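The values are calculated or read from the model by the stated rules, or taken from the named source; none is laboratory data. Here the structure is a predicted model, which is why all the values come from computation and not from measurement. Note that we place each Cβ from the backbone using ideal geometry, even for glycine, and neighbour counts take in every protein chain shown. The accessibility values were calculated without ligands, DNA or RNA, using every heavy atom of the protein model including side chains. Shrake-Rupley method; radii C 1.70, N 1.55, O 1.52, S 1.80 Å.
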Amino acid sequence: MTSTTGKSLWDWRKWAVKLAIEHHIDRYEVDWLLQRVANLEPLTLRLESIGENELVDLTMALQGLSTLWLARVNDRTPIQYLLGTTTWRDFELVVSPAVLIPRPETELIIDIASERTSPTRNDIWFDLGTGSGAIAIGLAKALPNTSIYAIDLSLEALAIAKANAIRLGVQNRITFEQGNWLSSSLFAPFRQRVAAIVSNPPYIPSSDVLELQPEVVNHEPHLALDGGLDGLNSIRELVDTGAEYLEHGGMLLMEMMLGQGDAVVDLLLKQGCYEQIEVIKDLAGIDRFVIAWRI
């Protein structure tokens, strides 16, 4: 822990905002960073209500903060990776370049899932492609009687997901396993026994991945982004997986990208094992999720 004066803090903030504007970075990130390293409220930052001679406690010195911000600007490293944490729903997650940074739009998947099931049921749920563990942890908090299996191909991602579950006190509610979806024989006993499969899979077409902003293409794991030629490879796998593993009346809930809704619905219809198929918009009004029920 260190400290600085209000004047030094505001001078640093002006410098960082200037750099952000020059490099087309959202200036809000500067305040997001200061909220974490100085434990300041958004209103305090907006009003600059700390006096010039008032001392402010920081978790790192301004020199270190400058080095971090220059890495953000020059290397386009996401601020979440530089800090090693991000906020998702109402909890804080550890993140690294081994896992996708959980997006705010994905938060709604927990509400959709929990609204469509009874929190008192003792069900088995799968979170496929768990990454940082965000969805599995969100489900564990929302559905206290549910047994959740969080599966990912990446051992590095699983290590982070486990650490997040321990930090948030839900490690006893989630079983973490390595797997390429559910292809391992380890999961065979679960066939026709799973109440819900929830996933935020890779869904970006391969040709589009390299066109993404540098923060994404240069730093986030392509394993969690690249959905193949048309972006639907993983979603096809999930549709078939759901038919094999979901119990009758079981729920398949997946995230997708804008413009994929019709194609995903068509995949579900052609599979022949689903009913009550619905495309659900996110809070921005964009088709973001598809939900279907095993016949």
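Taking the stretch 138-157, which residues are open to solvent by less than 10 Å² (accessible area, probe 1.4 Å) and either in contact with a Phe, Trp or Tyr (Cβ under 7 Å, 6 or more places away or on another chain) or within 23 Å of HIS222 (Cα to Cα) (or both)? LEU139, THR146, ILE148, ALA150, ILE151, ALA157 - these are the residues of the stretch 138-157 that are open to solvent by less than 10 Å² (accessible area, probe 1.4 Å) and either in contact with a Phe, Trp or Tyr (Cβ under 7 Å, 6 or more places away or on another chain) or within 23 Å of HIS222 (Cα to Cα) (or both). None of TYR149, TYR203 is of a type in the set (Ser, Thr, Tyr) and in contact with a Gly (Cβ under 9 Å, 6 or more places away or on another chain) except TYR203. Restricting attention to the stretch 113-129, the residues that are open to solvent by 10 Å² or more (accessible area, probe 1.4 Å) and either aliphatic (A, V, I, L, M) or touching a Ser or Thr at 6+ places or on another chain (Cβ under 9 Å) (or both) add up to 7.
Return yes or no: is VAL265 more than 19 Å from THR117 (Cβ to Cβ), in contact with a strand residue (DSSP E or B) (Cβ under 6 Å, 6 or more places away or on another chain) and not aromatic (Phe, Trp, Tyr)? Considered against the rule, which asks whether it is more than 19 Å from THR117 (Cβ to Cβ), in contact with a strand residue (DSSP E or B) (Cβ under 6 Å, 6 or more places away or on another chain) and not aromatic (Phe, Trp, Tyr), VAL265 comes out as yes. For ALA195, indicate whether it is farther than 20 Å from GLU105 by Cα, under 23 Å from the mean Cα position of the chain (by Cα) and either open to solvent by less than 50 Å² (accessible area, probe 1.4 Å) or modelled with pLDDT of 95 or more (or both). Against the criterion (farther than 20 Å from GLU105 by Cα, under 23 Å from the mean Cα position of the chain (by Cα) and either open to solvent by less than 50 Å² (accessible area, probe 1.4 Å) or modelled with pLDDT of 95 or more (or both)), ALA195 qualifies.
Within the stretch 275-285, which residues are exposed (fewer than 15 other Cβ atoms within 10 Å of the Cβ) and touching a residue at least 40 places away in the same chain (Cβ under 8 Å)? Across the stretch 275-285, the qualifying residues are LEU283, ALA284.
Listed here are the residues, each with its yes/no results for (1) modelled with pLDDT of 95 or more; (2) closer than 23 Å to ASN180 by Cβ; (3) over 20 Å from the mean Cα position of the chain (by Cα); (4) of a type in the set (Lys, Arg).
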| residue | (1), (2), (3), (4) |
| --- | --- |
| ASP226 | yes, yes, no, no |
| ILE235 | yes, yes, no, no |
| ALA243 | yes, yes, yes, no |
| LEU246 | yes, yes, yes, no |
| GLY261 | yes, no, yes, no |
| ILE277 | yes, no, yes, no |
| ARG288 | yes, no, no, yes |
| ILE291 | yes, no, no, no |
| ARG294 | yes, yes, yes, yes |
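Residues in the stretch 225-246 that are in contact with a strand residue (DSSP E or B) (Cβ under 6 Å, 6 or more places away or on another chain) and farther than 16 Å from LEU153 by Cα were compared, and the one that is surrounded by the most Cβ atoms within 10 Å (Cβ to Cβ) is GLY242.
In the stretch 201-224, the residues that are free of Cβ contacts under 8 Å to residues at least 24 places away in the same chain and open to solvent by 30 Å² or more (accessible area, probe 1.4 Å) form Cβ pairs under 6 Å with partners that are in a helix (DSSP H, G or I) and aliphatic (A, V, I, L, M), at six or more places apart or across chains, as follows: LEU210/VAL217. Counting only helices (runs of 4 or more DSSP H) that sit completely within the stretch 1-61, those holding 1 or more residues that are touching a residue at least 40 places away in the same chain (Cβ under 8 Å) correspond to 6-22, 28-37. Taking the criterion of being open to solvent by 90 Å² or more (accessible area, probe 1.4 Å) and closer than 18 Å to TRP15 by Cβ, the residues of the stretch 47-66 that qualify are GLU52, GLN63.
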